[in-house]
Amino acid sequence: MLILLLVLLNKNMKLLLFILFLLNTSVFAHQPKLINYSPTLDNPHEVISPEISKAYYSQLKGQPHYYVIRSKEDFLFYTSILSPKINEEYVWLSLEVLDENQNIIYKADGSKLEWTAWYEPYARDWYWKGPEIGIDSGKEFQTSFSISAGTYFIKVFNENNIGNYSLAVGEAEFFGSNLWEQILTWTPIIFYIG
C-alpha cells in the first residue's frame, strides 16, 4: 500500500511540477502537437498556417508519416526533425518534401548526417538534432525560404520506418494559448516522450 501511495504521489508531483513550470514560462519554442496516429499519403496530417512554428510529436511504427500543406499564397517554408536522446545512439530519420504529384522537390537524408545532441530549453529535454530543409543562416538552425503557393507533402521516414520524432514546421513564433490550453496540450506530450 505504501508503494502504491508513493507511485501516485510521484505521478502527482510530476504533474504539479509541470503546472508550476507552465506558470513560470511565458513562451515556448514551437506550438506542440501530439500526433497519435500514423498519417499516410492518402490521409496526411494537415499543417495549418505553415509559417507558424509547430512541433509535431509522433512515432513511426512501420510506415512513413505524411504531413500536407495547402496554401493559396506563396509562403515561407522551413522544416526539421529531432529524435529524443535516450542514450548515446540515435535512430536516424529523413525528410522529403513532395509536390502535389508526389515528385521529390527537397530531400534531407538523415542517414548521411552526423546527428548532434541538442538541449531544448523550453521542454527541458535532450534531443538528437537531425536534418533540416531551409536556408543556412550561420546560426544553430537554418531559416525559412519562400516557396510558391500549392500543395506540398512532408514525408518522415527511415530504413525501417521505426522511431520517435519531433517534426518542426514553420519558423514564426506565435503564442496565443492561455495557461489551460498549454496544460491540456503539453501534459500528454510530456507523458508520451517522458
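The values are calculated or read from the model by the stated rules, or taken from the named source; none is laboratory data. Fair warning: this is a prediction, and the values are worked out from it, not measured in the lab. Heavy atoms of the whole protein, side chains included, go into the accessibility calculation; ligands, DNA and RNA do not. Shrake-Rupley method; radii C 1.70, N 1.55, O 1.52, S 1.80 Å.
For Trp92, the accessible area of its heavy atoms, probed at 1.4 Å with every protein chain present, is near 70 square angstrom. Legend: translational diffusion of the range 112-172 by Stokes-Einstein, Rh = Kirkwood radius over C-alpha pairs, 25 °C, 0.890 mPa s; D = 175 µm²/s. Surface composition of the range 36-103: carbon plus sulfur atoms hold 43% of the accessible area, using a 1.4 angstrom probe and ignoring ligands, DNA and RNA. Here the accessible area of the range 110-173 is 46 percent carbon and sulfur, with a 1.4 angstrom probe and all protein chains present. When the residues Phe141, Phe75 are ordered by accessible surface, computed with a 1.4 Å probe over the protein chains alone, the sequence from largest down reads Phe141, Phe75. Computed over Cα pairs, the Kirkwood radius of the range 27-147 leads via Stokes-Einstein (1.567 mPa s, 4 °C) to a diffusion coefficient of 84 µm² per second. Beyond a 22 Å Cα-Cα separation, which of these cross-linked pairs lie in this structure: Lys33/Lys85; Lys61/Lys139; Lys33/Lys112? Beyond 22 Å: Lys61/Lys139; Lys33/Lys112. When the Cα convex hull of the range 84-133 is projected onto planes of every orientation, the mean area is 4.3 nm².
Ranking Leu167, Leu34 by solvent-accessible area of protein heavy atoms (1.4 Å probe, all protein chains present), from largest to smallest, gives Leu34, Leu167. With a ≥ b ≥ c the root eigenvalues of the C-alpha gyration tensor of the range 46-99, is it rounded (a/c under 1.5), prolate (a/b larger than b/c) or oblate? Prolate, since a/c reaches 1.5 and a/b exceeds b/c.
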